[in-house]
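K.L.:
Okay, handing you the structure first.
Computed from the coordinates by the stated procedures, all read-outs in this text should not be read as laboratory data. Quantities reported herein were computed from a predicted structural model and do not represent experimental measurements. Please note: Cβ atoms are built from the backbone with ideal geometry, for glycine as well, and neighbour counts cover all protein chains shown.
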Amino acid sequence: MPSSPLPPAVRGTRATPPAPPRTRRSLSTIFPSRLAVAAVACAALHALPLAAQDRSTSRELEDLIPDSALDNPESWANQGLPPEDAADPAAPDAPLVPVDPDSPLAEVPAIDVPWPDNIELPQLAPLEPDDSVQFADADEADGAAPVLAEAEIIRISDELVLAFPPDPAAFPEREAFAERFDMLSTISELDTDSDSVAVIAARARADQELLESMLRVYGYYDGQVIRTVGGVQPGEPVASTNPEVRFNIIPGARYRFGAIDLGDLAAARDAEALRRAFEIRPGDPMSSDTIVAEQFDLDEALGEFGYPFAQIDEPELLVDHARVEGDLTMPVRPGGKYVFGEVVSNMPDFLSGRHLATIARFDPGDTYQRSLEFDLRRAIVATGLVSSVVISPREVAPPAGDQPGTVALDVAITRARLRTIAGSIGYGTGEGFRAEASWEHRNLFPPEGMLRVRGIAGTQEQLLGVTFRKNNLGGRDKVLTVDAFASTIDSAAYDANTLSLIGTYERLSTLLFQKPLSWSVGLEAVATQERPAALRGAAEPRLTYFVGAIPLYAQIDTSDSLLDPTRGFRIGARLSPEVSRSNRTQSFYLRGQVDGSLYKQVSETMVVAGRVRFGAIPGTALENIAPSRRLYSGGGGSVRGYGYQAIGPRDAAGNPIGGRSLLEGAIEARIGTKFFDGALSVVPFVDAGTVSTDVFPDFDTVRIGAGVGVRYNTGFGPLRLDVATPINPGPDDSRIAVYVSLGQAF
């Protein structure tokens, strides 16, 4: 039954309950072997009745016990009487026969003593009342538990209710308090329709202790929690069918911080700024959460203001109930202030300290900041060359007067496996199958000099190439790449056999370090033999093109993710001044393309995304541009519903020939579902695009595709499956197109 909680210091007495009913059991079932031994011992004693009755006999008890009994009493007792002492068992004074331990006992007569069902106990004297113990008022007539006369009710579940004082000022944290309790409550966690009243009552006791602890966390040290279990009435053997637990929260006065002792913090050079970071002042409402949060903030501030060796002891809170205050003691030993020195690697031939210093975001002499130390660690891990990194500040020069000391960063690394074999496979309608495999050594030319050999085998493309990459060359995420490859492409638009040599220096945006600005500059030399698609089954002769280009690229990215953005925008531009020579004709032109995308989260489960693309090649006629360098549209990353490069002008046989201008647009809604724990989402979309042989789109033929896709969030990025159909298809366009890839379409 519910009762008013007593203060912890109060002790009471309770009457000893009557002993539970006892059941008879055969002694042989309890200790059979011991019983046999006892029986034999008794038989030995009764074997001498005259000696037991004649007080004048000279035989002593010791004479009756042989030496063998002293050596091994258990064995002697099991042997029974010696043969010389045996007699006729029928004689009246004959000694007892040895007892077989396995023989059954005679029936034990029933116990006729009546069970004391009604025992009159003496009346105990009543205890003197203790005025220090206060109980909430209760209705003794019906046995109802004490409750708040008026209360603000917050329902946690069907079985659980919290009742707070109606005045919000009495407990302003009630919403956060209830939400936190909901996450920790035993009743809420194990809430089922089959819970009995006894089960709920047991969980309620644990939840009451939890609520009392939570009140102290929030600074209410005199609070009370009164528990009632609805549906349980005194004298009723069965509870109601809908039991409900109600906790009446009576917080009392909230304690406040009194004196605050932060040890040696005042001796630090930045004492004023550090004290501002610890935002607890005398008179502020007490909260254990606030102490933990402010301790973290102070530790962070010490690390950011140049104190790498600062120490903070565990906080201690002395609660004074008379003052309704708590005095906080948290000793702080800031140590000295320091600046960065050199970076020292334990593997200088693998990743030298000099190289690690180039990827750090600080220079020697800068004020030490712990966040920059952590950032260096993340950058080292991002190289992919190490399996573990430990960075330890080491004092090189101590502080002197107003001059800070110097710390070196000792970097202890463990190398990872450096060779990798990778592969991928994909399929797209119009593009067919595409399988890619590669082998790489990520540090063949230290530091961070990677060599990769890769190959592609597909329905339309075959490639074999070698790539050299130097990561973090000249700064963080700055990469030099030299790529040489030979490829053949047999698409619906053209057939090309190509040799390429491309060199690029770029600042990358990576999954670990997404950049608001990324850029690249490069040089490209291409020798290619190309021809348009066969005309009525007759292949045209190949034309040889020699192309030199300077590809440039820049992108501004404010999105929140590279693979699955939900907000922000991206805008990027590609410009490539090129010179081309074919059939003794030399042409100069500019290939340009601008891409923009926008992401907007319109609800908790839906993101709307849109993109536009404009491309143009001014400077020369279409026939002077190699088919592989013209502009095309259509496919999974372009206009879904159409084949790869299938949108645009066509020759007499219906083969796409590409163009000098391009315009595309797309919009899609990424709608989350509850399937697979929310990992699955549905994406309806509409795409459109047009290609023209002029420098500006003429909009003569705008192709529109629509469809629906699904995304499965793998944790690394969404796995994409799109099914689309053309709205206004051409004569050779398929009715259904399917695309599978990793990441969103844009």
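K.L.:
Could you order peptides 656-666, 456-466, 375-385 by the average number of other Cβ atoms within 10 Å of their residues, highest first?
P.N.:
656-666, 375-385, 456-466
K.L.:
Rounded to the nearest 0.05, what FRET efficiency do V594 and F716 have when you use their Cβ-Cβ distance and R0 = 25 Å?
P.N.:
Once rounded, the FRET efficiency stands at 0.30.
K.L.:
A further question on this structure: If one computes P(r) from the Cα atoms of the range 573-710, what percent of pairs lie at distances over 26 Å?
P.N.:
Across the range 573-710, Cα pairs with separations above 26 Å total 35 percent.
K.L.:
To one decimal place, what orientation-averaged projected area in nm² is obtained for the convex hull of the Cα set of the range 534-599?
P.N.:
In nm², the orientation-averaged hull projection of the range 534-599 is 7.5.
K.L.:
Over the Cα atoms, compute the radius of gyration (one decimal) and Dmax (the largest Cα-Cα distance, rounded to a whole number) for the range 256-333, in Å.
P.N.:
Rg then Dmax for the range 256-333, in Å: 12.5, 41.
K.L.:
Based on the mean of other Cβ atoms within 10 Å per residue, sort peptides 673-681, 288-296 so the most packed one is first.
P.N.:
Most protected by this proxy first, the peptides run 288-296, 673-681.
K.L.:
Compute from the Cα atoms of the range 338-415 the Rg and the Dmax, the latter being the longest Cα-Cα distance, and quote both in angstrom.
P.N.:
Answer for the range 338-415, Rg first and Dmax second: 12.5, 43 Å.
K.L.:
Between M286 and residues 5 or more places away or on another chain, which pairs have amide H atoms under 5 Å apart, with H built 1.01 Å from N, and which residues are they?
P.N.:
It is Y255, R256, F257, by chain and number.
K.L.:
Here's another thing I want to ask about it. Given a cut-off of 15 Å, what percent of all Cα-Cα pairs of the range 675-746 lie beyond it?
P.N.:
That tail contains 62 percent of the Cα-Cα pairs.
K.L.:
Can I ask one more? Along the range 626-639, what does the Karplus equation 6.51 cos²θ - 1.76 cosθ + 1.60 (θ = phi - 60°) give for ³J(HN,Hα), rounded to whole Hz, x for Gly and Pro?
P.N.:
4, x, 6, 10, 7, 9, 9, 9, x, x, x, x, 10, 10
K.L.:
Right, another one. Would you please report the Å³ per residue occupied by the convex hull of the alpha carbon atoms in the range 254-297?
P.N.:
67
K.L.:
log10 I(q)/I(0), Debye, Cα-only the range 474-525, no solvent, q = 0.14, 0.17, 0.25, 0.29 Å⁻¹?
P.N.:
Results for the range 474-525 at q = 0.14, 0.17, 0.25, 0.29 Å⁻¹ read -0.54, -0.68, -0.91, -1.06.
K.L.:
Quick one: which residues, 5 or more positions from N346 or on another chain, have an amide H under 5 Å from its amide H? H modelled 1.01 Å from N in the peptide plane, none for Pro or chain starts.
P.N.:
V411, I413
K.L.:
Figure the gain on full extension for T420 and R205 (residue separation times 0.36 nm, minus the Cα-Cα span) and round it to one decimal in nm.
P.N.:
71.7 nm
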